[in-house]
Amino acid sequence: MNRRVYSDQKAFLEQNRELGTGLPYAEDVSVLGKTLAIGSHVAPNRLACQAMEGCDGKRNGAPDELTRRRYLRLAKGGAGVIWFEATACCHEGRANPRQLYLTKENADEFRTLLEEIRAVSMAENGYAPLIIMQNTHSGRYSKPEGTPAPLIAYNNPLFEKDKPIEPFRILSDEALDRVGEALVKSSRLAESVGFDGVDIKCCHRYLNSELLSAFEREGRYGGSFENRTRLLRESVEGSLATCGKDFIVTTRLNVYDGFPYPYGFGVKRDGSLEFDPEEPIRLLEVLRDLGVELVNVTMGNPYVNPHVNRPFAKGGYEAEEHPLQGVSRMLLGISDLKRAVPELKLLSSGLSYLGTVAPNVAAALIEEGGFDLAGFGRTVFAYPDFARDILKEGRMNPSNLCICCSKCTELMRGGSTPGCVIRDPLYRDLYQQKTAEKQV
Ligand SMILES: Cc1cc2nc3c(=O)[nH]c(=O)nc-3n(C[C@H](O)[C@H](O)[C@H](O)COP(=O)(O)O)c2cc1C
């Protein structure tokens, strides 16, 4: 069956029926232009730029020229929420030497960028987006000097196979306590430079997310639900306690890892890969009771099962399932959680593969009470103006779509700066240069 991103409604409706993927479709997308109150803030519309790392910061962690270019393009584009990319809470938790890392020393450079984003959006659109910083420790995927330097919650034979990571790289309970302190400190810094909120990142199998499945770990961070969620809960509580009452504290949460028990969160305990919402719902209820109002929901591991995390037309392997099945797992899974914990506002992930029908599917799900904000990931690299076209024209331009070809990921995994190789000449040239270098 054809795996191309949709550029018309007919192809989508046919495949949705044939595959039984059950995604709803609305002709009227005007709900995407409605505001959404989050605490004392108001998102000017329901379209969100998901966190998308550019690996293009300075060595000291500050945003650099390419970072600025990316965010000013998004600011012009008019999305109501910008989920600012993974920003490390400590040097050893950086995923690459150019990952952003907010410190007291470079705080002014972040402050200036935020002022510019708001000014550009005000001038172009008449409003400023909500900007939330993703606060992270990369854990297993840490590479602060450009070579792997993993810091893990537990040994995972599914990922490590016959090369188990050395015991000294398993973080002790005391080391995890210090990560919690670093996350809270970064939340405070994020508030001081002018972010509207902070996301204690708990997704894609970085440190906090890996802990959710630390079923066999001993001590205060493993075993019971309470222990496995400790770092997330305590970092959220600490951030809420030390930041002002208007500051949004949220999390980007993996609710399904796609690995069998005891190595996956949100899966049945029968060794299958079936989604089990019991613990994710419990965790959402705990977060709600702590005072969290918004959660950005996602699934999968971009290194090991990217078809779960970012359903693709073309990638490093051919997934057994059709990409629309991956999109459906993500969007209908999020909707089930929203129905279980309706007081929480949820932001969705994984819309890019839907192409021009993404606004129609997102609008239908928002109208049905499936989620509150529609988050676009790879699309923001290919088509930074997507929100303006949806809001003004009621549709996306098929010539500007992300084609889900995985070349942005390829650039990133090759140690370069990711962007859209198909639609953005700057990254097309970079990709060609990298390919030529490999051939020499
Ligand atoms: C190059 C690249 C960088 C990404 N960076 C981040 C990131 O910093 N933080 C994060 O939570 N997810 C990150 N993601 C995942 C996206 O936010 C998103 O979840 C994923 O692409 C699926 O959404 P989509 O189908 O709309 O692309 C990244 C994805 C790609 C391809």
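The values are calculated or read from the model by the stated rules, or taken from the named source; none is laboratory data. Quantities reported herein were computed from a predicted structural model and do not represent experimental measurements. For neighbour counting, all protein chains shown are included, and Cβ atoms are generated from backbone atoms with ideal geometry for every residue, glycine included. Keep in mind that these areas ignore ligands, DNA and RNA; they rest on the heavy atoms of the full protein, side chains included. Shrake-Rupley method; radii C 1.70, N 1.55, O 1.52, S 1.80 Å.
Take E274 and decide whether it is more than 10 Å from the ligand (Cβ to nearest atom), more than 26 Å from N16 (Cβ to Cβ) and either open to solvent by 10 Å² or more (accessible area, probe 1.4 Å) or of a type in the set (F, W, Y) (or both). Even if it seems obvious, please write down each step before you answer.
Numbers: more than 10 Å from the ligand (Cβ to nearest atom): yes; more than 26 Å from N16 (Cβ to Cβ): no; either open to solvent by 10 Å² or more (accessible area, probe 1.4 Å) or of a type in the set (F, W, Y) (or both): yes.
Answer is no for this residue.
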Listed by first then second residue, the pairs whose first member lies in region 11-24 and is assigned to a helix (DSSP H, G or I) and surrounded by 15 or more Cβ atoms within 10 Å (Cβ to Cβ), whose partner is at pLDDT below 95 and not aliphatic (A, V, I, L, M), with beta carbons under 9 Å and at least 6 positions apart or on separate chains, are A11/N2; Q15/N2
Identify, please: which residue in region 336-353 is within 17 Å of the chain's Cα centre (by Cα) and assigned to a helix (DSSP H, G or I) and is, among those, nearest to the ligand (Cβ to nearest atom)? S352
Only residues that are open to solvent by less than 50 Å² (accessible area, probe 1.4 Å) and either free of Cβ contacts under 8 Å to residues at least 12 places away in the same chain or not in a strand (DSSP E or B) (or both): list them for region 292-306, please. V292, G300, N301, P302, N305, P306
Could you list, in sequence order, the residues of region 231-260 that are of a type in the set (S, T, Y) and surrounded by fewer than 17 Cβ atoms within 10 Å (Cβ to Cβ)? T242
Looking at region 189-199, can you tell me whether even one residue there is assigned to a helix (DSSP H, G or I), within 16 Å of the ligand (Cβ to nearest atom), within 24 Å of S335 (Cα to Cα) and modelled with pLDDT of 95 or more? no
Within region 25-70, work out how many residues are touching an Asp or Glu at 6+ places or on another chain (Cβ under 9 Å), part of a loop (DSSP other than H, G, I, E, B) and over 30 Å from A95 (Cβ atoms). 3
Are there any pairs with C-beta distances below 7 angstrom linking a residue in region 361-382 that is within 24 Å of S406 (Cα to Cα) and in contact (Cβ under 8 Å) with a residue 12 or more places away in the chain to a residue that is more than 8 Å from the ligand (Cβ to nearest atom) and basic (K, R), with the two at least 6 apart or on different chains, and if so which? A374/R46; A382/R423
Scan region 327-351 for residues that are open to solvent by less than 10 Å² (accessible area, probe 1.4 Å) and over 23 Å from E274 (Cα atoms) and jot them down. L344
Sole exception among (1) more than 21 Å from R310 (Cα to Cα); (2) free of Cβ contacts under 8 Å to residues at least 60 places away in the same chain; (3) aliphatic (A, V, I, L, M); (4) touching a strand residue (DSSP E or B) at 6+ places or on another chain (Cβ under 9 Å) for V440, by number: (4)
Of the residues that make up region 417-426, is at least one more than 9 Å from the ligand (Cβ to nearest atom), within 20 Å of V297 (Cβ to Cβ) and in contact with an Asp or Glu (Cβ under 8 Å, 6 or more places away or on another chain)? no
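Specify the residue that is farthest from the ligand (Cβ to nearest atom); the eligible residues are those in region 373-385 that are more than 16 Å from the chain's Cα centre (by Cα) and part of a loop (DSSP other than H, G, I, E, B). Show your work before the answer.
We begin by selecting, within region 373-385, every residue more than 16 Å from the chain's Cα centre (by Cα); these are 382-385.
The next check asks that each one be part of a loop (DSSP other than H, G, I, E, B); those that pass are 383-385.
On the way: Y383: 11, P384: 13, D385: 16 Å.
My answer is D385.
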Picked from region 102-134 (must be touching a Pro at 6+ places or on another chain (Cβ under 9 Å) and more than 19 Å from D385 (Cβ to Cβ)), the residue surrounded by the fewest Cβ atoms within 10 Å (Cβ to Cβ) is T112
Among the residues of region 317-326, are any outside any loop (DSSP other than H, G, I, E, B), within 15 Å of the ligand (Cβ to nearest atom) and open to solvent by 50 Å² or more (accessible area, probe 1.4 Å)? yes
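One line per residue, one yes/no per condition, for (1) within 19 Å of the chain's Cα centre (by Cα); (2) away from the ligand (no atom under 11 Å from the Cβ); (3) open to solvent by less than 20 Å² (accessible area, probe 1.4 Å); (4) more than 26 Å from L294 (Cα to Cα):
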position	(1), (2), (3), (4)
A358	yes, no, yes, no
G369	no, yes, no, no
L391	no, yes, no, no
M396	no, yes, yes, yes
